[in-house]
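The structure under discussion appears below in the form of structure tokens.
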Amino acid sequence: QVQLVESGGGLVQAGGSLRLSCAASGLTFTSYQLAWFRQVPGKERDFVAAITSNGGTLLYADSVKGRFTISRDNAKNTLSLQMSSLKAEDTAVYYCAANRYYTGRDLTRYNYWGQGTQVTVSS
């Protein structure tokens with residue numbers, strides 16, 4: 001049974017930093033492409049960043065480029081998102097997602113999802 005468990009969310013002031021983690025189990029981690037999405041209540045779930053199975057290719061939404069860094073530790077089955085220069089508009093529930101073959105922005109291509117972690121940025 002595949003499980004993705006996010007952690008690291010919380011309340012932070014604008015301009016601050018936060019690091020999210022996603023612990024994966026029940027899958028061959030090194031075979032999966034991974035991503036972060038975020039969602040504000042009442043709105044669609046939006047792409048944030050994605051990373052290929054070997055970490056060789058990274059993709060970012062324009063809104064977070066230069067401020068967020070996605071990474072993975074294949075030895076620890078962990079996906080991370082380092083967020084800096086946070087803005088109020090980054091407030092959302094952040095989800096990690098996984099799938100075998102696709103690295104990109106289309107959330108429908110991801111098979112597995114975590115339960116989400118809340119990030120709140122106060123201005």
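The values are calculated or read from the model by the stated rules, or taken from the named source; none is laboratory data. Computed from a prediction, not measured in an experiment: that's the story for all the values here. For neighbour counting, all protein chains shown are included, and Cβ atoms are generated from backbone atoms with ideal geometry for every residue, glycine included. Areas reflect the complete protein model, heavy atoms only, side chains present, ligands, DNA and RNA absent. Shrake-Rupley method; radii C 1.70, N 1.55, O 1.52, S 1.80 Å.
Okay, residues lined up against (1) of a type in the set (Lys, Arg); (2) open to solvent by less than 20 Å² (accessible area, probe 1.4 Å); (3) more than 15 Å from SER80 (Cβ to Cβ):
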{"residue": "VAL2", "(1), (2), (3)": "no, no, yes"}
{"residue": "GLN13", "(1), (2), (3)": "no, no, yes"}
{"residue": "LEU18", "(1), (2), (3)": "no, no, no"}
{"residue": "SER21", "(1), (2), (3)": "no, no, no"}
{"residue": "PHE29", "(1), (2), (3)": "no, yes, no"}
{"residue": "GLU44", "(1), (2), (3)": "no, no, yes"}
{"residue": "ALA49", "(1), (2), (3)": "no, yes, no"}
{"residue": "GLY56", "(1), (2), (3)": "no, no, yes"}
{"residue": "TYR60", "(1), (2), (3)": "no, no, no"}
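Can you tell me which residue within region 98-123, out of those that are open to solvent by less than 30 Å² (accessible area, probe 1.4 Å) and in contact with a helix residue (DSSP H, G or I) (Cβ under 7 Å, 6 or more places away or on another chain), is nearest to ALA49 (Cα to Cα)? Selected residue: ASN99. In the set (1) open to solvent by 30 Å² or more (accessible area, probe 1.4 Å); (2) touching a residue at least 12 places away in the same chain (Cβ under 8 Å), MET83 fails one condition alone, (1).
Based on what the data block shows, is GLN39 in contact with a strand residue (DSSP E or B) (Cβ under 8 Å, 6 or more places away or on another chain) and either under 18 Å from SER84 (Cα atoms) or of a type in the set (Val, Ile, Thr) (or both)?
On the way: in contact with a strand residue (DSSP E or B) (Cβ under 8 Å, 6 or more places away or on another chain): yes; either under 18 Å from SER84 (Cα atoms) or of a type in the set (Val, Ile, Thr) (or both): no.
So GLN39 fails the test.
Could you list, in sequence order, all residues of region 59-80 that are within 13 Å of the chain's Cα centre (by Cα) and within 22 Å of THR91 (Cα to Cα)?
From region 59-80, those within 13 Å of the chain's Cα centre (by Cα) are 59-61, 64, 68-72, 78-80; that's our starting set.
Once the filter is applied, which keeps residues that are within 13 Å of the chain's Cα centre (by Cα) and within 22 Å of THR91 (Cα to Cα), region 59-80 yields LEU59, TYR60, ALA61, VAL64, PHE68, THR69, ILE70, SER71, LEU79, SER80.
Restricting the search to strands (runs of 3 or more DSSP E) fully inside region 1-94 and requiring at least 1 residues that are over 18 Å from VAL121 (Cα atoms) gives 3-7, 18-25, 33-39, 46-51, 58-60, 68-73, 78-83.
Among the residues of region 19-39, count how many are among the hydrophobic types (A, V, I, L, M, F, W, C) and touching a helix residue (DSSP H, G or I) at 6+ places or on another chain (Cβ under 9 Å). Even if it seems obvious, please write down each step before you answer.
Pass one, region 19-39, residues among the hydrophobic types (A, V, I, L, M, F, W, C): 20, 22-24, 27, 29, 34-37.
From what's left, touching a helix residue (DSSP H, G or I) at 6+ places or on another chain (Cβ under 9 Å): 35, 37.
Counting residues in region 19-39 that are among the hydrophobic types (A, V, I, L, M, F, W, C) and touching a helix residue (DSSP H, G or I) at 6+ places or on another chain (Cβ under 9 Å) gives 2.
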